[in-house]
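Below is one structure, written out as structure tokens, with a few remarks after it.
Bear in mind that the values in this text are calculations on the coordinates, not laboratory data. None of the values given here were measured: they were computed from a predicted structure. Cβ placement follows ideal geometry from the backbone for every residue including glycine, while neighbour counts extend to all protein chains displayed.
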Amino acid sequence: MKTALVIGAGPAGLMAAEELARAGWQVTVAEAKPSPARKFLMAGKSGLNLTRGEPLPAFTARYPQGADWLAPMLAAFGPAQVQDWARGLGQEVFTGSTGRVFPVVMKGSPLLRAWLARLSGLGVVLRTRWRWTGFQGAALAFDTPDGPRLLTPDRTILALGGASWPRLGSDAAWVPWLAARGVVIAPFHPSNAGLVVDWSPHMARHFGAALKGIRLTAADFSSRGEVTISARGLEGGGLYPLTPALRDGAALIIDLMPDTDAATLAARLTRRGKDSLTNTLRKAGLDAAKIALAQDCARPLPTDPQALARRLKALPIPHKGPRPMDEAISTAGGIRRDAVDDGLQLRALPGIYAAGEMLDWDAPTGGYLLTASLASGRWAGRAAAGVDPATAFST
Ligand SMILES: Cc1cc2nc3c(=O)[nH]c(=O)nc-3n(C[C@H](O)[C@H](O)[C@H](O)COP(=O)(O)OP(=O)(O)OC[C@H]3O[C@@H](n4cnc5c(N)ncnc54)[C@H](O)[C@@H]3O)c2cc1C
């Protein structure tokens, strides 16, 4: 029987393992951590957003880097198939008002339990606390609870994750080992990250306050999502779609009243009687957090109503770029497209494939990350097993 080794028991690795096992290969999954899929389980803490219920072309277009590359993988295993797959593991799913798809139980643990049981039934052997430490000649070297081990499987799938939240396992230690073997890797950067802003002390009492009903813009990216003011800056889903531009130093502009045009707002801002500026802003529809933000970022605010309205509709936020990588939901960068063939096999290392977030694609949150990790894991596993990866998934 041919042997396959999958390194990394996240969603991409487990998907690859399943495909190889179904194709009749003897599969071992080596995982550095004491238990598998820690990031997947962490993702489930705030609601496991598996995918998004939208047509495939719109879905695929949400990958700013890698849409062409991922398109065939998502055509075979996209948003519809992710939902079928979850149901096949006994997890009913629902689509929220924003199109995001979650398991009804919201968390990832029941799905993972069912999946691991299915893999075990297919003969997949999971070795935890097995840390890949690089190459020794043609062999893959591991630190294991029983000491060092060298393996030379017929096929290897690397599914080691990106470079964020390293405490969950994806520490990107593999970058120099693959680079030394000629694999071209784009540098990692934080994606779907909070933003560093040095507030004045006046902002302290607004830490934790949500900015709702705003529009955020950075270069060509725009979002209507919510953000929260924190001691370190701004956080939350509204910022995430803008990370590629903010990473490149683009200015962040917030429209505090996107549903009111500047002329209407200016009329509302014409001061009446002895109203203070704060009172005028409040009466014009701004809550305390928005007023504080405007006063902190554009002090002194213009007194002329037209100029003030323009400022409130295009408030520049002086930021210092995204929060560090270890706090980001995901990372951009990784193994470049031209470093792998159409089956995700490393051109520099025949017989070794790569999948998941360790590849150089990027996506906003909203289920796109997990869907592409699963789809690329499935693709690499099938290609490694010699099975057509483009065959669409069916239960
Ligand atoms: C807080 C948080 C919430 C998230 N929420 C969502 C969400 O709701 N929806 C969504 O789509 N995405 C979400 N994501 C992103 C999503 O979890 C990841 O994109 C996805 O887990 C990537 O899958 P992967 O299999 O490529 O890598 P990972 O899940 O990172 O798995 C890689 C595995 O490889 C192992 N490994 C690494 N190095 C070695 C080594 N040297 N030897 C052996 N094993 C090794 C790691 O321990 C790990 O188990 C979230 C991420 C975070 C951090």
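Details
- Environment charge of Arg282, counting only residues whose C-beta is closer than 13 Å and scoring Lys/Arg +1, Asp/Glu -1: +3
- FRET efficiency estimate (nearest 0.05) - Cβ-Cβ, Arg167 to Arg113, R0 25 angstrom: 0.65
- Contact order normalised by residue count of segment 195-317, Cα under 8 Å, 6+ apart, percent: 26
- Arg271-Val105 FRET efficiency (beta carbon distance; Förster radius 41 Å; 0.05 resolution): 0.15
- In this rough spin-label picture, where each label sits 7 Å from Cα along the Cβ direction, the Asp259-Lys212 distance is 1.1 nm.
- P(r) of segment 195-317 over all Cα-Cα pairs, binned every 10 Å from zero, in whole percent: 14, 47, 32, 7, 0
- Between Gln26 and Ala314, the contour length at 0.36 nm per residue exceeds the Cα-Cα span by 97.8 nm.
- Projecting the Cα atoms of Thr60, Asn49, Ala289 onto the dipole axis of the chain, where Lys and Arg carry +1 and Asp and Glu carry -1 at the beta carbon, places Ala289 farthest toward the positive end.
- Cα extents for segment 301-344 along the principal axes, largest to smallest and rounded to whole angstrom: 61, 24, 14.
- Segment 118-157 - Kirkwood radius from inverse mean 1/r over Cα pairs (Å): 11.3
- Kirkwood hydrodynamic radius of the chain, Cα pairs, Å: 22.6
- Ranked by how many other beta carbons lie within 10 Å on average, peptides 4-10, 192-198 from highest: 4-10, 192-198
- Separation of alpha-carbon centers, segment 155-175 and segment 237-255, rounded to whole Å: 26
- Projecting label points 7 angstrom from Cα along Cα→Cβ for Ser97 and Gln306 puts them 3.8 nm apart.
- Annotation: extensible slack from Ser200 through Glu327 equals 43.4 nm (criterion: 0.36 nm per residue apart, minus Cα-Cα distance).
- Per-residue Cβ neighbour rank within 10 angstrom, fewest leading, His202, His189: His202, His189
- Put simply, the convex hull of the Cα atoms in segment 300-395 casts, on average, a shadow of 10.9 nm².
- One chain, two ends: Asp143 and Ala58. Fully extended at 0.36 nm per residue, the span grows by 26.3 nm beyond their Cα-Cα distance.
- Cα-derived Rg over Rh, computed across segment 1-57 with Rh taken as Kirkwood radius: 1.09
- Of all DSSP-defined beta bridges confined to the chain, some 70% are antiparallel rather than parallel.
- Per-peptide average of other Cβ atoms within 10 Å, ordering 233-241, 374-382 highest first: 374-382, 233-241
- For peptides 275-283, 289-297, sequence by mean Cβ density within 10 Å, most packed first: 289-297, 275-283
- Where Cα atoms sit under 21 Å apart: lysine pairs in the chain separated by 8 or more or lying on different chains: 11
- Dipole size of the chain about its Cα centre, with +1 on Lys/Arg Cβ and -1 on Asp/Glu Cβ: approximately 1060 debye, rounded to the nearest 20.
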